[in-house]
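Asker: Quick one: this structure, given as structure tokens, is what I'll be asking you about.
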Amino acid sequence: MEVMEGKDKFQDIKSNLKKQQRQLFFKRFLSNKLMAAGSLVFVLLIVVALIGPALMSYDPYAMKVAERLLAPSSAHLLGTDEYGRDLLTRIVYGARVSIGVGLAVTAISAFLGLMIGLYASYYPVLDHILMRICDGLMAIPGILLAIALMAALGPSAMNVIIALTIVFTPSIARIVRSSALVIREQTYIEAMHAQGAGTLRIIWRHIAPNTLSPLIVQATFVFAETIISEAALSFLGAGIPVPDPSWGNILQAGKLVIFKAWWMVVFPGLAIITSVLCLNFLGDGLRDLIDPHHSRKK
């Protein structure tokens, strides 16, 4: 009976500690105004990307040459493009493409980087092989590597995801590896070895969870860089092929008529700037939450 009461008290104390930790996290989260604002705005952008196309009254592909390059008005809030298509509709549909590509690249890069970093930190032979490959890829400027890969693969959304995943996975892998190397030397890991714990259990149950904090922070920055890189590839004609809308190819079309239709450059540019700034604010805030020492140094 006393044992059961002791277990109940322990569970109550544990649940109260978790509740207090959550409350402290949200308090610190809301105290960082830039992170809170960036998170809110980016969530709104994701909502627009998900449900916005269903609310649009114009077809993003339907051309009306008689209405080409119309200035913003009540009929077309952000004006029209060189083919008479509603620019707001194109930007909303482009948000689904640009943010979708960014999310896919970030998720796949984080997963591959986590696997590569963990196994490289645990097996010296793999470390030498995988890290030298990562060093070789990181030695090439990211945008040049992405253009070279797209030249070989051909322009399409899937190929953009593949190319940018190859570009950003090495940086995530190195961050995970550096964290895992520190964790691997901790006393409790040595204790797990002494108890005969298997390699997979040690890697995935005890090392991997402790590398998630720097991984999540890096993922937010990779997300922002992916949006910029996808826009750059599409702007150069090597990314999302027209007529599919993306913020990059809308900008590419706008550069030809920038002096006649400024709105074709300003509004998609604002969409890119807003999303990237929000992700950078979120990443900086998460880094301060995870590493209080970094926050005090600033």
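Asker: Among 56-64, 91-99, 267-275, 72-80, how do they line up by average Cβ neighbours within 10 Å per residue, starting with the highest?
Answerer: Answer by packing, highest mean first, reads 91-99, 267-275, 72-80, 56-64.
Asker: Could you work out [θ]222 nm for the chain from helices alone, using -39500 (n - 2.57) per DSSP H run of at least four and dividing by all its residues? Round to the nearest 500 deg cm²/dmol.
Answerer: The helix-only estimate for the chain comes to -25000 deg cm²/dmol at 222 nm.
Asker: Distances longer than 33 Å among the Cα atoms of the chain: what percent of all pairs is that?
Answerer: Cα-Cα pairs in the chain separated by more than 33 Å: 39 percent.
Asker: Report the Cα-based extents of segment 156-298 along its three principal axes, largest first, to the nearest Å.
Answerer: 72, 37, 16
Asker: For the chain, calculate the relative contact order in percent as a whole number, restricting contacts to Cα pairs under 8 Å that are 6 or more residues apart. If you can, show how the numbers build up before the last one.
Answerer: Numbers: 393 pairs, mean separation 70.3, N = 298.
RCO, the chain: 24 percent.
Asker: Just to be sure I understand the rule: take each whole DSSP H helix in the chain, project its Cα atoms onto its long axis, keep it if the span is 18 Å or more and its mean Kyte-Doolittle hydropathy is at least 1.6. Which ones pass? Write down the numbers at each step before the final one.
Answerer: Working: long enough: 2-31 (43 Å, -1.09); 33-55 (32 Å, 2.32); 87-122 (51 Å, 1.46); 124-138 (20 Å, 0.95); 157-184 (38 Å, 1.46); 212-235 (34 Å, 1.38); 263-290 (40 Å, 1.45).
Taking the DSSP H segments of the chain (at least 18 Å long, mean hydropathy at least 1.6), we get 33-55.
Asker: Next question. Just need the relative contact order of segment 31-131 here, percent rounded to a whole number, with Cα pairs under 8 Å and 6+ apart.
Answerer: Numbers: 90 pairs, mean separation 20.5, N = 101.
Once divided by the residue count of segment 31-131, the mean separation gives 20 percent.
Asker: Sticking with this one: Between ASP59 and HIS193, what is the spin-label point distance in nm, taking each point 7 Å from the Cα along the Cα→C-beta axis?
Answerer: 6.6
Asker: Dividing the alpha-carbon Rg of segment 77-137 by 2.2 N^0.38 Å yields what? Can you show the working numbers first?
Answerer: Working: Rg = 20.4 Å, N = 61, 2.2 N^0.38 = 10.5 Å.
It is 1.94.
Asker: Amide H neighbours of LEU78 under 5 Å, at least 5 residues apart or on other chains, H built in the peptide plane: list them.
Answerer: Close amide H contacts, sequence-distant or interchain: SER73, LEU87, LEU88.
Asker: On to the next question. I'm checking a number: the convex hull volume of the Cα atoms of segment 49-150, normalised per residue, in Å³. What is it?
Answerer: 129
Asker: Using r as the Cβ-Cβ distance of ALA139 and SER178, and R0 as 25 Å, what FRET efficiency do you calculate, to the nearest 0.05?
Answerer: My answer for the efficiency is 0.85.
Asker: How about segment 148-230: which GluC sites (Glu not before Pro) there are in a DSSP loop, with at most 12 other Cβ atoms within 10 Å of their Cβ?
Answerer: Counting only loop positions with at most 12 other Cβ atoms within 10 Å, the GluC sites (Glu not before Pro) in segment 148-230 are GLU185.
Every number in this text was worked out from the coordinates using simple rules, so none of it is lab data. A quick note: this is a predicted structure, and the numbers were derived from the prediction, not measured. Cβ coordinates were reconstructed from backbone atoms using ideal geometry, including for glycine residues, and neighbour counts include every protein chain displayed.
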